[in-house]
Protein chains: 2
Amino acid sequence: MKKNTRIVLALDETDKKKALKVVNDVREHIDAVKINWPLVLSAGPEMITELSKMTDVICDFKVADIPNTVRLIVEGAVSRGASAVIVHAFTGEDSLKAAVGAAGKAEIYAVTEMSHPGGATFTAKHAEEMAVIGVKCGVAGFIAPATRPERIADIRRIIGARKILSPGVGAQGGSASAAISAGADHVIVGRAIYSSQDPKRTASEIENEIRAVL
Amino acid sequence: MKKNTRIVLALDETDKKKALKVVNDVREHIDAVKINWPLVLSAGPEMITELSKMTDVICDFKVADIPNTVRLIVEGAVSRGASAVIVHAFTGEDSLKAAVGAAGKAEIYAVTEMSHPGGATFTAKHAEEMAVIGVKCGVAGFIAPATRPERIADIRRIIGARKILSPGVGAQGGSASAAISAGADHVIVGRAIYSSQDPKRTASEIENEIRAVL
């Protein structure tokens, strides 16, 4: 993924037409688009390919399976045009290594903790351990919440120069400039852009906010 | 899902034609077919609908996301024809409740531990806690490994009359009759059936093996 505007659009939209339109509107202001399974279930895996013609596609599939299934999912996503796949780290070393091995030139990002309330029950307890395992397995980067910039800095100390993508900017309350200042490489913005009256203008404003702190 | 032959076919096959053929061959010997994301990525989400015309479909999507995304994935699978969806329990109560709420009359099965070596690092440590949370959230049942029948009995003590599906029968070394004897409601069999020279005969033999211990 290029590092230009530092913005990843979370395309949490299941209507194919609307999804394609918003990406087309904002494509010059984003480095990539992040899609999840609901869009695949509604519009089919062909959407990965279609979107990949406009921008880099990160498949936020939160893959959490045994090594062989992880391999098949990552291979399937990459062969459809994905530039990156997001996987869970709690499945352990063998599953993470299978993801990295299957990705080829595509990137694997690991989730070490989740930002919803239920994330506190199990994932938050093991976040640092999972980050260490991710580094050992050769992932390209990690996901860390923009809503808690101090956690971005914590993860940064463990992972060195690997990348950090930060979700939670905008509708969930996180600030793009604070996340980037805390060490994030990219911020992930969803509703704030795709539900905006003027997605292109909103994306451009966030781009300017980020440029001001670089 | 009906409880007749007690066999669920794990359709870990990404070739659409082969997948449909084997299900058609063995349909009278199975209670359901279990599919995973690799088949959706290769053959499209329409496969859920197509298979649901032949037998019950369990979407083994190992859903592990924030509540709203969990809801969208479960709704998407059920609207395509799934009778059940498998989700991870490690995402905590709110995500599990979202799955159960979105399923309607379809069933939610929760994963509490994973059988691959990496499963020992995090999931096995919290399996009992996750089973308790699953019961509290109203899941229909749980996944417990046929390769370790003592774990089926452990989970049974926590979950009461809820269902247990046991993967790992056949190629991975688990015995169908031992799993059923230990308290499993259904065994999940993959390669032993779909890679068999005669899938129908193999399925029938496993069915007989199970009947002998019922």
| query | B:S115: in contact with an Asp or Glu (Cβ under 9 Å, 6 or more places away or on another chain), surrounded by fewer than 24 Cβ atoms within 10 Å (Cβ to Cβ) and either over 18 Å from B:R156 (Cα atoms) or within 8 Å of chain A (Cβ to nearest Cβ) (or both), yes or no? | reply | no
| The listed residue being touching a residue at least 40 places away in the same chain (Cβ under 8 Å) and either buried (at least 21 other Cβ atoms within 10 Å of the Cβ) or within 17 Å of the chain's Cα centre (by Cα) (or both), out of A:I152, A:I159, A:I143, A:I108 | A:I143
| request: For the stretch A:81-88, indicate whether the set of residues that are at the interface with chain B (Cβ under 8 Å from one of its Cβ atoms) and modelled with pLDDT of 95 or more is non-empty. | output: yes
| field | Top-ranked residue of the stretch B:13-48 - restricted to ones that are touching a helix residue (DSSP H, G or I) at 6+ places or on another chain (Cβ under 7 Å) and charged (D, E, K, R), ranked as surrounded by the most Cβ atoms within 10 Å (Cβ to Cβ) | value | B:E13
| Has the stretch B:79-86 got at least one residue that is in a helix (DSSP H, G or I) and either under 30 Å from A:P167 (Cα atoms) or touching a residue at least 24 places away in the same chain (Cβ under 8 Å) (or both)? | yes
| Somewhere in the stretch A:136-151, is a residue within 14 Å of chain B (Cβ to nearest Cβ), more than 23 Å from A:I35 (Cα to Cα) and not aromatic (F, W, Y)? | yes
| Could you say which residue among B:V78, B:V85 is closer than 25 Å to B:A203 by Cβ and under 18 Å from the mean Cα position of the chain (by Cα)? | B:V85
| Subset of the stretch B:1-41 [closer than 24 Å to A:S42 by Cα, outside any helix (DSSP H, G or I) and more than 14 Å from every other protein chain (Cβ to nearest Cβ)] | B:A32, B:V33
| field | Qualifying positions in the stretch B:118-132 - crowded, with 22+ Cβ neighbours inside 10 Å, part of a helix (DSSP H, G or I) and facing chain A (nearest Cβ under 8 Å) | value | B:G118, B:T123, B:M130
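The values are calculated or read from the model by the stated rules, or taken from the named source; none is laboratory data. These figures come from a predicted structure and were not determined experimentally. Neighbour counts are summed over all protein chains in view; Cβ atoms, including those assigned to glycine, are modelled from backbone coordinates with ideal geometry.
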